[in-house]
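Read through the structure below, which is laid out as structure tokens, and then see the notes.
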Amino acid sequence: MSESVIEIRNLTKIYRDFWGRAKVKAVNSLSLEVKKGEIFGLLGPNGSGKTTTLKMLLGLLFPTEGEIKILGKQAHDVSKNEKIGYLPEESYLYRFLNADETLEFYGRLFNMPASLRKERRDKLIEMVGLQHARKRQLKEYSKGMTRRIGLAQALINDPELVILDEPTSGMDPLGTREVKDLILKLRDQGKTVVMSSHLLADVQDVCDRIAILYGGELKVLGDVKELLESKGETQLVTSKLDPSALAEVEAVLKKHGAALRSSSSPTASLEELFLRTVEESKARPGRRYAPGETPKA
């Protein structure tokens, strides 16, 4: 087993009113692990506890119950943040700075020497495709461009763990593809990525494992390919067949000179799994993910 970067045990967060009475249970007894070098997707409808969980990981919120270890330290230990990069759902950046000045500012927060700041700044601006706009003030940026510079600032400290909340929000299809390629490249560099997104196709494209939350509870956890594989069917891909051979299929493949290219189980889409999980959670509100359970096709 690879090293755990994040360990969550029985995590609960209750928001209380002015008189201390329980108002909302945003996260309810959540337990999961994220392994080193994987891309982990955190999914769920609005109000399912995703953002609350991410904020507790970062130490921005304190849990009501339970324990979080991140990079071997407690979540409230701020020293761990030197090894974490975070892109929030809304990038709160200084609008009157340009891209160079923004990354220079964040580099100084990490006490990086000037030569390293310049090296990282130039590399990241090129990586996120903002060379043409590096001298423009951020107030002139589109939402997609703002997400790009936000991603660059999340990587300025060369973090071991990258936490991304809606990383492709507001981007066009080309920008979305480039960001997904960048996320895969981060994994290839040995970094661990945790991402939350409403764009299920993006999660399906890049994530190794996912967790689906509903009502603050863990409903589904597992490998993306295994969760989406249809166990009761087999899919065959062959070279082109004449129409007359279509009805005969497997028994006469050799007779018609067709080569069997691949054999596998067909898969559902992540959108289908997500919607089915939400509907089942509404119908059976007490059901949670049980370790070792077999995913449904």
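Laboratory data are not the source of any read-out in this text; all were calculated from the coordinates shown. On a predicted model such as this, the values are computed, not experimentally measured, just so you know. Backbone-built Cβ (ideal geometry, glycine too); neighbour counts: all protein chains shown.
Shown in residue order for the stretch 14-21 are the 3J(HN,Hα) couplings computed by the Karplus curve 6.51 cos²θ - 1.76 cosθ + 1.60 at θ = phi - 60°: 10, 8, 10, 8, 4, 8, x, 7 Hz (x for Gly and Pro). Among LEU253, LEU151, LEU228, the largest mean-square fluctuation in a Gaussian network model of the chain, built with springs joining Cα atoms closer than 10 Å, belongs to LEU253. Taking the chain as the reference, fit the longest principal axis to its C-alpha atoms, fit the long axis of helix 143-154 to the helix C-alpha atoms, and give the angle between the two in degrees, 0 to 90, nearest 10. Value to nearest ten degrees: 70. Computed from Cα positions, the angle between helix 99-109 and the longest principal axis of the chain comes to roughly 70 degrees.
Compute and list, largest first, the equivalent-ellipsoid semi-axes of the stretch 31-142 from the alpha carbon gyration tensor, each √(5λ) rounded to a whole angstrom. Mind dumping the intermediate values first?
Details: eigenvalues 184, 64, 37 Å².
Computed over the stretch 31-142, the values are 30, 18, 14 Å.
By how many degrees, 0 to 90 and rounded to 10, does the Cα axis of helix 270-283 deviate from the longest principal axis of the chain? Its long axis makes an angle of about 80 degrees.
Given a Förster distance of 35 Å, report the FRET efficiency between GLU233 and GLU33 from their Cβ-Cβ distance, rounded to the nearest 0.05.
Details: r = 31 Å, r/R0 = 0.89.
Given R0 = 35 Å and the Cβ-Cβ separation, E is 0.65.
Show which aspartates and glutamates lie in cross-link reach of LYS282 when reach means a straight Cα distance below 20 angstrom and same-chain residues fewer than eight apart are skipped. Partners within reach: GLU217, GLU271, GLU272, GLU293.
Legend: ranking of residues ARG287, ARG148, ARG21 from fewest to most surrounding C-beta atoms inside 10 Å; resulting order ARG21, ARG287, ARG148.
Which of ARG284, ARG121, ARG177 comes first, and how do the rest follow, when ranked by fewest Cβ neighbours within 10 Å? Intermediate values should be presented prior to the final figure.
Working: ARG284 10, ARG121 22, ARG177 14.
Taking fewest neighbouring Cβ atoms as first place, the list is ARG284, ARG177, ARG121.
For PHE62, PHE274, PHE110, PHE18, what ranking results if the residue with the fewest other Cβ atoms within 10 Å of its Cβ goes first? Let's see the in-between values first.
Values: PHE62 11, PHE274 22, PHE110 15, PHE18 6.
With the fewest neighbours first, PHE62, PHE274, PHE110, PHE18 line up as PHE18, PHE62, PHE110, PHE274.
For the stretch 1-63, the list of GluC sites (Glu not before Pro) that fall in a loop by DSSP and count at most 15 other C-beta atoms within 10 angstrom reads GLU3.
Here the Karplus relation 6.51 cos²θ - 1.76 cosθ + 1.60, evaluated at θ = phi - 60°, turns the backbone of the stretch 212-223 into coupling constants of 10, 9, 8, x, x, 10, 7, 9, 9, 8, x, 5 Hz, with x for every Gly and Pro. Each label point was placed 7 Å from the Cα along the Cα-to-Cβ direction; for GLU67 and SER79 their separation is 1.9 nm.
Would you kindly state how much longer the chain becomes between GLU226 and SER269 on full extension, computed as 0.36 nm times their sequence separation minus their alpha carbon distance, in nm to one decimal? Please report the intermediate quantities before stating the final value.
Values: separation 43, 0.36 × 43 = 15.48 nm, distance 1.17 nm.
Computed gain between GLU226 and SER269 is 14.3 nm.
An oblate overall shape is assigned to the chain, the ratio a/c of its alpha-carbon gyration tensor axes (a ≥ b ≥ c) being 1.5 or greater and a/b not exceeding b/c. With contacts taken as Cα pairs under 8 Å at a separation of at least 6 residues, the chain carries a relative contact order of 20 percent.
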